[in-house]
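The values are calculated or read from the model by the stated rules, or taken from the named source; none is laboratory data. On a predicted model such as this, the values are computed, not experimentally measured, just so you know. As a convention, Cβ positions derive from the backbone with ideal geometry for all residues, glycine included, and neighbour counts pool all protein chains shown. To get the accessible areas, we keep the full protein, side chains included, count just its heavy atoms, and leave off ligands, DNA and RNA. Shrake-Rupley method; radii C 1.70, N 1.55, O 1.52, S 1.80 Å.
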Amino acid sequence: MEDKSKIYYNPYFGGVVLGLILLATFYLTGRGLGASGAAKSTVVAAVDKFAPGHAHKSHYYSKFLSDDEHPLNNWLVFEVVGMLAGALLSGALAGRLKFKTEHSPKITVRRRLLFAGIGGFMFGFGSQVARGCTSGAALSGAAVLSLGGFITMMAIFGSAYGFAYFFRKLWI
Amino acid sequence: MKISRTYLILALLLAGLAFALVLLPKTTRNKEIKPEELMTEIIDPARFLNPDLIAERLINEDPSIQLIDVRPQDQFVKFTLPGAINIPLTEISKEDWEGELNQHQKDIILFSNDDLFADQAWILCTRMGYKNIYVMKGGLNQWYKNIIAPIEPPETAPKEEFEIYSFRKAASLYFSGANTVSTTGTEKGNIVVKKREKKATAAGGC
Amino acid sequence: MGPLIPLGIIPEQWNNVIAVLIGMAFGFIMEGSGFSSSRKIVGLFYGYDFTVLKVFFTATVTAAIGILYFSYLGWIDFSMLHIHPTYVTGAIVGGLIMGVGFVTGGFCPGTSFCGVAIGKIDAIVYTIGLLVGIFIFSEAFSIFESIYNGNYMGEITITEFLGLSPYLFVFFFTLAAIAIFFVTSIIVKRVKEVNY
Amino acid sequence: MTEIYKTRRLKIVSAIFIAIIIIGFITLRTPDFNYSLTVEQTIKGLSLTENVINQSEAIKLKASDGNTYLFIDVRNPHEFLTNHIENSINIPASEILKEENFNYLRKMDQENITIIIYGNDALQANGAWMLLNQLGINNLKLLTIGFNTISQLSKENLTELYQIEDQIFSDSAINPMVNPSLHVDPATSLNKQKITPVKKEKRTTTAGGC
């Protein structure tokens, strides 16, 4: 009997369903999926809450602030809320709900968390520079054949493969 | 191996699906709009603008309008409206004019002596997929009646007609070259131009 | 006919409801495919697990084929879709930074949210890092503005750029994806198995 | 065998995807109408001499054999019921592409019957006339005198009003309104215009990234 929590879908099944969801998203809303946009909205909302003057002065925050709408009243924020709920449901059904840190047995928990934080920082930074992350720019962009989407996709995977060697100790 | 055969079949299906796209006849992909769409555009009267509205926008030096005279060139050189350029109806489909007509920045207003030629030009432009194009209702003849030689309404007429009349008188002076008329004099005839509703495009972001 | 909301066929108020529903489906399928596990994700860079690559490319190919068919069938007005804008400098520089973040952190933003949902502590730390990264970029925006706005090419598609028919391009893209699937299935057999 | 290697669900979703596309093709309507004239060919047919018909010609036609022409009234049914040209048929402009109407017109066209389109004025009939013209109906003429004018004529016993697109004012009447500086050659005036063509111009979106 296999551990139930390690049973995942056939990747091609997941891919086709994900593709159909993306297709439905474009059909319904005319836009693609995304993830980092919601994180950006959160940051903008937080800065606006604690330092509204600064937020309105800044060239960057002010792009995403409008007088009549709260920065969290954003399509991507709602989508991510749904995403958390969906993932929670799936995890619950497969018995994967558990607080734990996943790491290679060769490294400590602390080291794993340190690099997770660094990775998150770099991804957050890069996603702003490129105006989108793997789901927003690469997946949704490539689905509508956006040139920027393809460039971002190739840059992400190219650089990840290029640097994978230097970080191999973290994983294997 | 049964599984690899399933994957092979599915891979072939996917490739076949993509290849079928290449083979599809591409007649529907055309910048010209479909006859049915042209039909709905034709029966929509939103393209007709009253000369009064156009006069007002000219007086206010509205930078977002472009008048286009579709009469033959020999008529154009004799006289035209301020700022108008000449694209004769017979040349409307020439590529030289595409940059002028196929754009999103300005409202293009076509006119001729009546509105028939202008409307014909409009139908052809619309078929070619150009947007933001309008027709001066009644053409230059109506312009003459309204703006150049306005007729005073009878005393029994409602107040609005007098307001329109006073606007027309002022406009008449303005277009006759009497630049002393200030634009404030036109406020009485202030009529908001109804723009055609544009479709909202999908929001940005990702 | 489509997209339904921008064309007003479904009222705008439903947009956020649809966002939640789509998000749920998205999160459910990502979590179910194993995107909540960082070691499963990074497997694609070390050759022991190509799940992410397979899911990612299958999804892209399916959606791209679907969108072309939908647009051919007149169900979607392609010009109404949001085409991700192309800022070449930003896309390359940002992509390179994200790539490093990918191998060090083991997540991308979407997958980290899945991890957060099922209680992965590394995903929570990653998400905090993500927010900090966005915050730092926003604060230092003036320094990076030239990279951010560099080489803007408009909302251009790759087929417009290459002058290819989109149908032909998607066909080649599909073939490339199938080839990648085939190659990865060979690689995964040769690489030493990693238990996680 | 673990779930990850099972393909049953994959087969199901693939079948759904293909089924959606196949259903799409089954329900796809082939375009009912195709332009048979290009824009350039249409322009050639627009001359005010060949394909239009003015009042006196219409009277001549009415006096001749009734089997060679057909008046089509594009006004709304209410206006048509109030009054219309004798023996004319009412097809409102919005219904001109309805299958039965279009097929009827096409049949008449093939039988060499001249179809004359009229409305309250030439402008109202123009849209239907140009559309049918571009869709390949050849024996088609536009009545340049509108029904409004026709009823006026019979009341006041006028013979003919002005020809459409004639100028009703003298050149000098309009002349002063033109700023002389605007009297430029159209070719040079074009150069002054700085309008970017729509070709590569794309929408600007506010939301930058994510």
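At 0.890 mPa s and 25 °C, plugging the Kirkwood radius over alpha-carbon pairs of the protein assembly as shown into Stokes-Einstein gives what diffusion coefficient in µm²/s?
81
With a 1.4 Å probe and every protein chain kept in, tell me what percent of the accessible surface of chain C is carbon plus sulfur.
70
Sort out for me the Cα centre separation of the stretch C:127-196 from the stretch A:1-52, rounded to whole Å.
Taking the Cα centre of each part, the stretch C:127-196 and the stretch A:1-52 sit 16 Å apart.
What FRET efficiency comes out for D:Asn76 versus B:Leu12 if R0 is 45 angstrom and r is the Cβ-Cβ distance? Round to the nearest 0.05.
Given R0 = 45 Å and the Cβ-Cβ separation, E is 0.20.
Are any of the pairs A:Lys169/C:Lys189; A:Lys106/D:Lys6; C:Lys120/D:Lys6; A:Lys98/D:Lys11 more than 24 Å apart by Cα-Cα distance, and if so, which?
Result: A:Lys106/D:Lys6; C:Lys120/D:Lys6; A:Lys98/D:Lys11 exceed 24 Å.
Would you please classify the overall shape of chain C from the alpha carbon gyration tensor, given that a ≥ b ≥ c denote the square roots of the eigenvalues, rounded means a/c under 1.5, and beyond that prolate means a/b larger than b/c while oblate covers the rest?
Since a/c stays below 1.5, the shape of chain C is classed as rounded.
What total accessible surface area, summed over both chains, is buried at the interface between chains D and B, computed with a 1.4 Å probe and given in Å² to the nearest 100?
When D and B are taken together, about 5900 Å² of accessible area is lost.
With a Förster radius of 60 Å, plug the Cβ-Cβ distance of B:Thr40 and C:Ile187 into 1/(1 + (r/R0)^6) and report the FRET value to the nearest 0.05.
For R0 = 60 Å, the calculated efficiency reads 0.60.
Suppose the chain between D:Thr38 and D:Arg9 were pulled fully straight at 0.36 nm per residue; how much longer would it get relative to their current alpha carbon spacing?
So the extension gain works out to 5.4 nm.
So what is the orientation-averaged projected area of the stretch A:34-98, using the convex hull of its C-alpha atoms, in nm²?
5.3
Please list, in chain and number order, the residues 5+ apart from B:Asp107 or on another chain whose amide H is under 5 Å from its amide H, with Hs placed from the backbone.
Excluding prolines and chain starts, which carry no amide H, the hits are B:Ile65, B:Gln66.
Report, in listed order, any pair from B:Lys78/B:Lys131; B:Lys145/D:Lys44; D:Lys44/D:Lys141 with a Cα-Cα distance greater than 21 Å.
Table pairs above 21 Å Cα-Cα are B:Lys78/B:Lys131; B:Lys145/D:Lys44.
What's the total accessible area buried between chains A and C, using a 1.4 Å probe, rounded to the nearest 100 Å²?
Buried area between the two chains comes out at roughly 10700 Å².
Under a cut-off of 18 Å between alpha-carbon atoms, report the aspartates and glutamates in cross-link reach of A:Lys49, not counting same-chain residues fewer than 8 places apart.
Cα-Cα hits under 18 Å: A:Asp67, A:Asp68, A:Glu69, C:Glu139.
Mind checking which helices in chain A clear 18 Å along their axis (Cα) and have mean Kyte-Doolittle hydropathy of 1.0 or more, DSSP H runs only?
Passing helices, by number: A:11-29, A:75-94, A:147-164.
What is the Cα centroid distance between the stretch B:105-140 and the stretch C:92-112, reported in whole angstrom?
Each part's Cα centre sits 53 Å from the other's.
Would you list the P(r) distribution for the stretch A:101-172, with all Cα-Cα distances sorted into 10 Å bins from 0 and each bin expressed as a whole %?
P(r) for the stretch A:101-172, in whole percents per bin: 19, 40, 29, 11, 1.
Using a 10 Å cut-off around each Cβ of peptide A:71-82, what is the average number of partner chain Cβ atoms that fall inside?
Counting other chains' Cβ atoms within 10 Å and averaging over A:71-82 gives 6.
Can you spot the aspartates and glutamates whose alpha carbon is less than 18 Å from D:Lys98's alpha carbon? Ignore those fewer than 8 places along the same chain.
List returned: B:Glu36, B:Glu37, B:Glu41, B:Asp44, D:Asp32, D:Asp73, D:Asp109.
Filter the GluC sites (Glu not before Pro) in the stretch C:146-196 down to the DSSP loop ones having no more than 13 other Cβ atoms within 10 Å, then list what survives.
C:Glu193
Can you give the mean number of other chain Cβ atoms that lie within 10 Å of the Cβ atoms in peptide B:78-86?
Partner Cβ neighbours, averaged per residue: 6.
With a 1.4 Å probe and every protein chain left in place, work out the accessible area per residue of the protein assembly as shown in Å², rounded to a whole number.
For the protein assembly as shown, the per-residue accessible area is 45 Å².
Give me a comma-separated list of calculated 3J(HN,Hα) values for the stretch C:125-137, in order, Karplus coefficients 6.51, -1.76, 1.60 applied at θ = phi - 60°, integers in Hz, x for any Gly or Pro.
Computed from phi, the couplings for the stretch C:125-137 are 4, 4, 5, 5, x, 4, 5, 5, x, 5, 4, 4, 4 Hz.
Ignoring any ligand, DNA or RNA, what whole percent of the accessible area of the stretch A:34-98 comes from carbon and sulfur when the probe is 1.4 angstrom?
62
Run the dipole for the stretch A:34-98 about the Cα centre, Lys and Arg Cβ at +1, Asp and Glu Cβ at -1, nothing else charged, and hand back the magnitude in debye, nearest 20.
360
Where Lys and Arg each count +1 and Asp and Glu each count -1, what net charge lies around C:Ser38 among other residues with Cβ under 9 Å from its Cβ?
Here the count lands on +2.
Where does the protein assembly as shown land at 222 nm, in deg cm²/dmol rounded to the nearest 500, when only DSSP H runs of n ≥ 4 count, each adding -39500 (n - 2.57), divided by all residues?
-16500 deg cm²/dmol
Taking 29 Å as the cut-off for C-alpha to C-alpha distance, list the pairs among A:Lys100/C:Lys54; D:Lys60/D:Lys107; B:Lys137/D:Lys107 that go past it.
Violating the 29 Å Cα-Cα cut-off are B:Lys137/D:Lys107.
Toward the positive end of the charge dipole of the protein assembly as shown, about the Cα centre and with charges on Cβ (Lys, Arg +1; Asp, Glu -1), which of B:Leu140, B:Asn113, C:Val88 goes farthest?
Value computed over the given set: C:Val88.
Which aspartates and glutamates, if any, have their Cα less than 19 Å from the Cα of C:Lys192, not counting same-chain residues under 8 positions apart?
C:Asp49
Over chain A, with a Gaussian network built from C-alpha contacts below 10 Å, which listed residue (A:Ala85, A:Ala45, A:Ala142) shows the highest mean-square fluctuation?
Among A:Ala85, A:Ala45, A:Ala142, the largest GNM mean-square fluctuation belongs to A:Ala85.
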